[in-house]
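Structure first, then comments.
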Amino acid sequence: MNPLLEVRGLRKRYPSGDRGTLDVLTGVNMDLSRGEVVAIVGASGSGKSTLLHLLGALDRATYGDIVLDGGGSYAHLDAIQLAALRNKRIGFVFQFHHLLREFSALENVMMPLRIAGWTEEKARSRAEWTLAEVGLAGRMTHRPAALSGGEQQRCAVARAMVHEPQIVLADEPTGNLDLANGALVADLLFRLARELETAVVLVTHNRQLAARADRVLLLESGRLHPVKEVEALP
């Protein structure tokens, strides 16, 4: 079976203050299968978030190719095509939920579907089902300020999963939560990945969370390295 996501020779270079350049990623290669959960670990500033932004078509690589499900290389897609890719095929979960404060939980989860052209009736039905799946059936009409931190992050997971994306990119999704709520959000991501066959790339400093993934990769010196024993990480 062909991989869902293929990354080849990915490099990201930024201009530095001394008119030079800073190479954050120097040659990242990885494959990702459907339903697979891959954890990416590494020191702060190693480029983990940069890598997620490239995988999610939020930024462009300096060199290299990213191909999702046999489609064209990200490098060959224009801004409109990249926006469509993000909206229809990729889900995002961040450390801070980024819910829109003036909208209810239901309206926040409906939003990706409405942007994608779903009718209000279909979007509402799908969003209600997804919120029920993450345990928020009784909290749909509440705005983010009326939800607990754990509930807000579960709502963010629902928003990321509502359109059944092929891949979800999660950047420290439990980093702002206590242990109990962090475990609940992690359980949701793993369960939905299995049930929907959605691939998940998970950036985390949490070793216990990383150990639950199918694979763990260390981002160091701009490249990814397989990790066999999470406990052996520095």
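Which of the numbered conditions does Leu52 fail, given that it passes all the others? Conditions: (1) in a helix (DSSP H, G or I); (2) surrounded by fewer than 14 Cβ atoms within 10 Å (Cβ to Cβ); (3) in contact with a Leu (Cβ under 6 Å, 6 or more places away or on another chain).
(2)
From the list Ala199, Ala210, pick out the single residue that is among the small types (Gly, Ala, Ser), modelled with pLDDT of 85 or more, touching an Asp or Glu at 6+ places or on another chain (Cβ under 6 Å) and within 26 Å of Val28 (Cβ to Cβ).
On inspection, the qualifying residue turns out to be Ala199.
Residues to consider are Ala57, Ala43, Ala61; find the one that is outside any strand (DSSP E or B), closer than 23 Å to Ala186 by Cα and aliphatic (A, V, I, L, M).
On inspection, the qualifying residue turns out to be Ala43.
Could you count how many residues in segment 38-85 are touching a Gly at 6+ places or on another chain (Cβ under 7 Å) and on the phi > 0 side of the Ramachandran plot?
Selection size over segment 38-85: 2.
Quick one: in segment 189-206, of everything that is of a type in the set (D, E, K, R) and either without any contact (Cβ under 8 Å) to a residue 40 or more places away in the chain or surrounded by 15 or more Cβ atoms within 10 Å (Cβ to Cβ) (or both), which residue is nearest to Lys88 (Cα to Cα)?
Ranking the candidates gives Glu195 first.
Can you name the residue in segment 64-86 that is among the β-branched types (Val, Ile, Thr) and outside any helix (DSSP H, G or I) and is also nearest to Pro15 (Cα to Cα) among such residues?
Ile66
Would you point out which residue out of Ser125, Ser104 is on the phi < 0 side of the Ramachandran plot, out of contact with any Lys or Arg (no Cβ under 9 Å at 6 or more places or on another chain) and either surrounded by 14 or more Cβ atoms within 10 Å (Cβ to Cβ) or not acidic (Asp, Glu) (or both)? Give the derivation first.
Numbers: Ser104 fails: out of contact with any Lys or Arg (no Cβ under 9 Å at 6 or more places or on another chain).
Going through Ser125, Ser104 in turn, just one is on the phi < 0 side of the Ramachandran plot, out of contact with any Lys or Arg (no Cβ under 9 Å at 6 or more places or on another chain) and either surrounded by 14 or more Cβ atoms within 10 Å (Cβ to Cβ) or not acidic (Asp, Glu) (or both): Ser125.
Looking only at segment 128-146, count how many residues are over 22 Å from the mean Cα position of the chain (by Cα) and not charged (D, E, K, R). Let's see the steps before the verdict.
Narrowing segment 128-146 to residues over 22 Å from the mean Cα position of the chain (by Cα): 137-143, 145-146.
From the residues that got through so far, the ones that are not charged (D, E, K, R) too are 137-138, 140-142, 145-146.
Number satisfying all stated conditions: 7.
The values are calculated or read from the model by the stated rules, or taken from the named source; none is laboratory data. Because the structure is a prediction, the values reported are computed rather than measured. Cβ sites come from the backbone with ideal geometry, for glycine too, and all protein chains shown count toward neighbours.
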